[in-house]
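Below: one structure, written as structure tokens.
The values are calculated or read from the model by the stated rules, or taken from the named source; none is laboratory data. What you see is a predicted model; the values in this text were computed from it and never measured. No Cβ is skipped: glycine too gets one built from the backbone with ideal geometry, and neighbour counts run over all protein chains shown. Note: accessible area is taken over every heavy atom of the protein model, side chains too, but ligands, DNA and RNA are not part of it. Shrake-Rupley method; radii C 1.70, N 1.55, O 1.52, S 1.80 Å.
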Amino acid sequence: MRSCWAREPLVWERPSHSTAALRIRSSGPGTVPLYAHPDTAAWAYNGTVPGPELRIRQGEPVRVVVANKLGQDTTVHWHGIRLANAMDGVPGLTQAPIHPGESFTYEFTPPDAGTFWYHPHADTLQQLGRGLAGALIVEEREPVAIDRNLLWFIEDWRLDQNGAIAPGFGNRMEAAMSGRIGNTVTVNGGVPDQVSVKAGERMRLRIVNAALARIVALRFEEHQPVVVAFDGQPCDPHPLEGGRLLLGPAMRADLIIDMSGQPGRRYAVTDDFYRELAYKLLDLTYEPTSPIREHPDQTPKLPANPLPEPDLTAAERYEIALQGGMMGGMGMMGGGMMGGMGMGGMGGATWAMNGMAMTGDGQTDMPPLLTLKRGQSCILSLRNETAWWHPMHLHGHSFRVISRNGKPNSRREWRDTVLIPPRERAEIAFVADNPGDWMLHCHVTDHQETGMMATLRIA
Ligand code: C2O
Ligand code: CU
């Protein structure tokens, strides 16, 4: 994390309250430096890109004062935290926008330990795309037995030749396809070359994909990471599926990695999601010292979070079709926008869910897509009818992914964002226990802002 403005203090008050002050600003040129492009001007929380890593504790109240010094409205959404609706940070839906010069105090008590993050929910494409995002780590009550904690906060930037953030947020063509994918991937705000490790070390590596649109698929050369959590929620420890860690925008994973490589050697971590555009993210570089232990102990399992278990036999079932976008691959030639999906009169939306399209920051006068009875177990069947990938995020809840393409998912992991490939289907189950109006949207920000967004009402 690099800072440019004098670092403003994060004030901690424990045990009654942890208080953090976030001051949000846009910078003039030459301020927040990205490693590879020292002159990149970004918008920042407390002057750093990414924003400060907020570490709070499970079950302990936290208070964050957000002071808006941007030239436009903002809010902060605590992605993945199960909190009261009024603290969820959706402008017009859960709170009034924080106008320039105003402050808003968020208060919540995180029920779940895990890896979360925070970002704006107003003009998200631009505000997130210009750097407003940070990690929110909720620590377990009892520490987990590992040697070292690492966080890789991944962001994706589209920079011009001068290293400035390229304008043109909200390009319609891009919005109808994969969204604004950049040309510079940073880890913790820089373009790292290597991370140095010791042979025999056991790492807990938290990875956050905070990109606007980029999906990553990480491979760890000659290492066998064990996934212990997705989206902050512990899962049965298991190896990477297909040898790679697939994370769409907003998704997180916690990995336990035993450093089983040779002292003095380097091992590449690569991202090959876009096959023609595979690149090396960084190297794990072993110090030349002998291993700190010969044999790793058993992989620790993270303690479970207090999630309400959906009753699948009594669950209400809802079908949600994800619709729209450009069809048939990468070009206009492939058939143009999808028409006749009931999107006429939707103000030129590009995407829709069941024919409904909420755009921009959301239209709160639109009726909810679903109204769910509080306490009811629900199954949402999300059917991707489009030619594009969608990481679908539900606010205020975590859900189990119970099936994919009609096949039961034996892992049934908890998530708050489920990545659905083109033409595929995922079923998620949860208890609608958190009252209020909650967003359900694609986290490819261009898709979200051009129609793949809706609200669920729990009453
Ligand atoms: Cu990361 Cu609507 O959220
Ligand atoms: Cu999408």
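Using a ≥ b ≥ c from the Cα gyration tensor of the chain (square roots of the eigenvalues), is it rounded, prolate or oblate, where a/c under 1.5 gives rounded and otherwise the larger of a/b and b/c decides, a/b for prolate?
rounded
If R0 is 22 Å, what FRET efficiency do you get for residue 84 and residue 60 from their C-beta distance, rounded to 0.05?
E between residue 84 and residue 60, to the nearest 0.05, is 0.90.
Considering only DSSP beta bridges whose two residues both sit in region 357-459, what percent are antiparallel, to the nearest 5?
Within region 357-459, antiparallel bridges account for around 90 percent of the total.
With a ≥ b ≥ c taken as the square roots of the eigenvalues of the C-alpha gyration tensor of region 210-255, please select rounded if a/c is under 1.5 and otherwise prolate if a/b is larger than b/c or oblate if it is not?
Taking the square roots of the gyration eigenvalues as a ≥ b ≥ c, region 210-255 is oblate.
Output the antiparallel fraction of DSSP beta bridges having both residues in region 113-213, as a percent to the nearest 5.
Details: 11 of 18 bridges.
The antiparallel proportion sits near 60 percent.
In nanometres, what is the gap between the two model label sites at residue 309 and residue 285, each 7 Å from Cα along Cα-to-Cβ?
For the pair residue 309/residue 285, the computed spacing is 4.9 nm.
For the chain, what is the accessible area per residue in Å², given a 1.4 Å probe and the full set of protein chains? Don't skip to the end; give the middle numbers.
On the way: 17320 Å² over 459 residues.
Averaged over the residues of the chain, the accessible area is 38 Å².
State the antiparallel share, in %, of DSSP beta bridges confined to the chain, rounding to the nearest 5.
70
State whether region 65-212 is rounded, prolate or oblate according to the following rule on the C-alpha gyration tensor (a ≥ b ≥ c being the square roots of its eigenvalues): a/c under 1.5 gives rounded; otherwise a/b larger than b/c gives prolate, and the remaining case gives oblate.
On the way: a/c = 2.24, a/b = 1.15, b/c = 1.96.
It is oblate, given that a/c is not under 1.5 and a/b is not larger than b/c.
Beta carbons within 10 angstrom, averaged per residue: use that to sort the peptides 131-138, 183-190, 78-85, highest first. Could the numbers behind the result be given before it?
Working: 131-138: 24.9, 183-190: 18.6, 78-85: 22.6.
So the peptides 131-138, 183-190, 78-85, ranked by packing, come out 131-138, 78-85, 183-190.
Which net charge results when you count Lys and Arg as +1 and Asp and Glu as -1 among the other residues whose beta-carbon is under 11 Å from that of residue 106?
Surrounding charge for residue 106 is -1.
Lys and Arg at +1, Asp and Glu at -1: add these up for the other residues within a Cβ distance under 11 Å of residue 273 and post the number. If you can, show how the numbers build up before the last one.
On the way: positive: 214, 219, 244, 275; negative: 271, 272, 276.
My count for the surroundings of residue 273 gives +1.
Within the accessible area of the chain, what % is carbon and sulfur when the probe is 1.4 Å and the other protein chains stay in place? Each step should come with its number before you reach the end.
Details: 8780 of 17320 Å².
Reported share for carbon and sulfur atoms: 51 percent.
Which order do 397, 295 take when ranked by solvent-accessible area (1.4 Å probe, heavy atoms of all protein chains), largest first?
295, 397
For the pair residue 319 and residue 196, how long in nm is the line joining their label points, each one 7 Å along Cα→Cβ?
5.9
Would you list which lysines come within 28 Å of residue 280, measuring only between C-alpha atoms, while excluding same-chain residues fewer than 8 positions from it?
Here the lysines satisfying the reach criterion relative to residue 280 are 198.
Pulled fully out, how much extra length does the chain show between residue 145 and residue 266, if you take 0.36 nm times their separation in residues and subtract their Cα-Cα distance?
Working it through step by step, the gained length comes to 41.0 nm.
Step through the residues of region 266-282 one at a time and calculate ³J(HN,Hα) from phi using the Karplus curve (6.51 cos²θ - 1.76 cosθ + 1.60, θ = phi - 60°), rounding each to whole Hz and writing x for Gly and Pro.
10, 10, 7, 10, 10, 10, 10, 4, 8, 3, 6, 10, 5, 8, 8, 6, 5
What is the packing order of peptides 203-209, 382-388, 93-99, taking the mean over residues of other C-beta atoms within 10 Å and listing the highest first?
Result, highest mean first: 203-209, 382-388, 93-99.
Please work out the Cα center distance from region 390-459 to region 191-215, rounded to the nearest Å.
Using only Cα atoms, the two centres lie 26 Å from each other.
Can you check how the C-alpha radius of gyration of region 361-459 compares to 2.2 N^0.38 Å, as a plain ratio?
1.04
Using 7 Å Cα-to-Cβ label points, what is the residue 72/residue 404 separation (nm, one decimal)?
3.5
Excluding residue 80 itself, calculate the net charge of residues whose Cβ lies under 13 Å from the Cβ of residue 80, where each Lys or Arg counts +1 and each Asp or Glu counts -1.
-1
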